[in-house]
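Reviewing the structure listed below.
The values are calculated or read from the model by the stated rules, or taken from the named source; none is laboratory data. For clarity, every value in this text was computed on a predicted model and none was experimentally measured. Reconstructed Cβ throughout: ideal geometry from the backbone, glycine too, with neighbour counts over all protein chains shown. Side chains are part of the model used for accessible areas, which takes the heavy atoms of the whole protein and leaves out ligands, DNA and RNA. Shrake-Rupley method; radii C 1.70, N 1.55, O 1.52, S 1.80 Å.
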Amino acid sequence: MKIIMLGAPGAGKGTQAVKLSEKYCIPHISTGDILRTNIKSGTELGKRVKAFLDNGQLVPDELVIDLTIDRVKRDDCKRGYILDGFPRTIPQAQEFESALENDGEKIDYIIDIEVPDENIIQRMSGRRTCSHCGATYHILHNPTKIEEICDSCGKRIELRDDDKPETIKKRLVVYHEQTQPLMDYYTIKGNLVKIDGTLGIDEIFNSIVEILGE
Ligand code: AP5
Ligand code: MG
C-alpha cells in the first residue's frame with residue numbers, strides 16, 4: 001500500500017504517518033525528517049538546505065525528487081510506504097509519478113488532512129520534537145509521560161527550529177502558494193481523500209483506517 005499524506009505544516013501528517021506505519025508495517029518516509037537529519041550530521045545536502053528550512057521556504061525540487069525516488073526503491077518499501085511531506089509542488093508530483101510508472105507502479109491513496117490556518121499556529125507553537133529520534137509531541141494534545149523527556153528514547157525534547165511564530169506564518173504562505181495547487185491536481189486524477197484534521201488524533205486515525213481497511 002503506497003500512501004501520500006498531504007496537509008499544511010502542522011496539520012498532523014507526521015503524527016498520523018507514525019501510527020499508520022506501525023499499523024500497516026510499512027515505512028514512514030518524511031522528507032522533512034531526512035533533511036533535518038542531514039543538517040544535524042553536517043552532510044553536503046544538509047549544508048545546502050539549512051537556510052531554506054530555517055526560513056520556512058521549500059528546498060529546490062531537484063534536491064528532494066531524486067532523494068525520494070531513491071528512498072522508495074529500497075527493499076523495505078517493497079510492501080508499500082507512507083510519504084509525509086512529499087510531493088509539495090506539481091513538478092515533484094509529476095516527476096515522482098513518472099518514476100513510478102516506469103516501474104509499473106502507482107500511488108494507492110492520497111490523504112489530505114485539512115486544518116484551518118487559525119488552528120495551525122496553536123498546534124505548532126505547542127509542538128515539541130526529539131532531535132535525537134524525531135518523535136513528535138504536543139504540550140497539551142500529546143504530552144510526554146515525563147515532562148520534557150522523550151517517551152521513546154529518554155532524551156530532552158525541544159521546539160523545532162522552524163516552529164517560531166514568524167517562520168510558521170511564512171511556511172503557511174508557502175504552503176498555500178506552492179503546495180495547495182496539488183489538491184486540484186489530485187482531485188482531477190480522482191484519488192484524493194479529504195480528512196477533517198480538526199478532530200482528535202485517534203479519531204483522525206480511525207477515519208483514515210476506515211478508508212484504507214483493517
Ligand atoms: P516538514 O518536516 O515536512 O514540515 P511541515 O510540512 O511544515 O509539517 P510539519 O512536520 O511541521 O507538520 P505535520 O503535518 O507533520 O504535523 P505534526 O504531526 O508534527 O518540512 C520541513 C521543511 O523541510 C519545509 O519547510 C521545507 O523547507 C523542507 N521540505 C520538506 N519536504 C520538502 C519537499 N517535498 N519539497 C521542498 N522542501 C521540503 O503535528 C503538529 C503538532 O500538532 C504536534 O505537536 C502534534 O502533536 C499536534 N497534533 C497532531 N495532530 C493533532 C490533532 N488531531 N489534534 C491536536 N493536536 C495535534
Ligand atoms: Mg511532520
Once the piece of chain linking residue 119 and residue 214 is laid out straight, how much longer is it, given 0.36 nm per residue of separation minus the C-alpha distance between them? 31.2 nm
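Under a point-charge model restricted to the Cβ atoms of Lys and Arg (+1) and Asp and Glu (-1), what is the dipole moment magnitude of the stretch 2-212 relative to its Cα centre, in debye to the nearest 20? All intermediate terms of the calculation are to be shown ahead of the outcome.
Details: 29 positive and 35 negative charges, 118 e Å.
Dipole size: approximately 560 debye.
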Treating cross-link reach as a plain straight distance, find the lysines whose alpha-carbon is under 29 Å from the alpha-carbon of residue 47, omitting any fewer than eight places away in the same chain. 13, 73, 155, 164, 169, 170
Do any cysteines of the chain lack a neighbour Cys whose Cβ is under 4.7 Å away, and which are they? 25, 77
Can you pull the percent of the chain's accessible area that's carbon plus sulfur, 1.4 Å probe, other chains left in place? 50
Per residue value of the accessible surface for the chain (all protein chains in place, 1.4 Å probe), Å²: 52
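Let me have the relative contact order for the chain, percent, based on Cα pairs under 8 Å that are six or more residues apart. Each step should come with its number before you reach the end.
Working: 292 pairs, mean separation 63.3, N = 214.
Value for the chain: 30 percent.
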Charges on Cβ only, +1 for Lys and Arg, -1 for Asp and Glu, centred on the Cα centroid of the stretch 2-212; of 201, 179, 107, which one is farthest towards the dipole's positive end? 201
Find the all-direction average of the projected area of the Cα convex hull for the chain, expressing the result in square nanometres with one decimal place. 11.4
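List the trypsin sites (Lys or Arg not before Pro) within the stretch 48-124 that fall in a DSSP loop (any state other than H, G, I, E or B) and whose Cβ has at most 13 other Cβ atoms within 10 Å. Write out the running numbers ahead of the final one.
Details: sites: 48, 50, 71, 73, 74, 78, 79, 88, 106, 123; in loops: 73, 74, 78, 79, 88, 106.
Sites meeting the loop and neighbour criteria: 73, 74, 78, 79, 106.
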When only alpha-carbon atoms are used, what values of Rg and Dmax, in angstrom, describe the stretch 117-214? 16.1, 46
